[in-house]
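The values are calculated or read from the model by the stated rules, or taken from the named source; none is laboratory data. Here the structure is a predicted model, which means the values were calculated and not measured. Every residue, glycine as well, gets a Cβ built from its backbone with ideal geometry; the counts of neighbours run over all protein chains shown.
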Amino acid sequence: MALPKMEEVRQLEGEALEAEILKVKRELFNLRLRQATRQPVKPHEFTHLKHRLAQLLTLERERQSPAEVKATSRRARRRQRARRSPSPAVVETESQTRTEGGDHGS
């Protein structure tokens, strides 16, 4: 069996694409479960399913608007986390802990 072609994936639209992504993820889970329970599996099925999932997710990402892509990128999420300063309650709690825990040995 040959690897799935991207032309086949590009024919999917909206709901069908999402349903196919879920279907492939479920098949991959079931295949891993069969492998973990020592049932017979064909190792090439992992390759085919991962390849198919990558195609589907790539197509889904291509169809997103540039603003959606930017908002959901890993790098953008990391930047947002780095920019956030700790809330005042966290800073206050840390300073209280430092002053209260000063003399442990008395």
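Data for the structure
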quantity	calculated
Residue match in segment 7-30 (condition: in contact with a helix residue (DSSP H, G or I) (Cβ under 9 Å, 6 or more places away or on another chain) and modelled with pLDDT under 80)	no
Filter result for residue 35 (modelled with pLDDT of 90 or more, more than 30 Å from residue 14 (Cα to Cα) and surrounded by 10 or more Cβ atoms within 10 Å (Cβ to Cβ))	yes
Complete set of residues in segment 38-57 that are of a type outside the set (A, V, I, L, M) and closer than 24 Å to residue 9 by Cα	42, 43, 44, 45, 46, 47, 48, 50, 51, 52, 55
Selection from segment 7-29 of residues that are farther than 21 Å from residue 72 by Cβ and either small (Gly, Ala, Ser) or surrounded by 12 or more Cβ atoms within 10 Å (Cβ to Cβ) (or both)	10, 16, 23, 27, 28
Selection count, segment 38-57, where residues are surrounded by 12 or more Cβ atoms within 10 Å (Cβ to Cβ) and not in a helix (DSSP H, G or I)	1
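Residue-by-condition table, conditions (1) among the small types (Gly, Ala, Ser); (2) at pLDDT below 60; (3) surrounded by 10 or more Cβ atoms within 10 Å (Cβ to Cβ); (4) over 28 Å from residue 5 (Cα atoms):
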| site | (1), (2), (3), (4) |
| --- | --- |
| 59 | no, no, yes, no |
| 64 | no, no, yes, no |
| 72 | no, no, yes, no |
| 79 | no, no, yes, yes |
| 87 | yes, yes, no, yes |
| 91 | no, yes, yes, yes |
| 96 | no, no, yes, yes |
| 106 | yes, yes, no, yes |
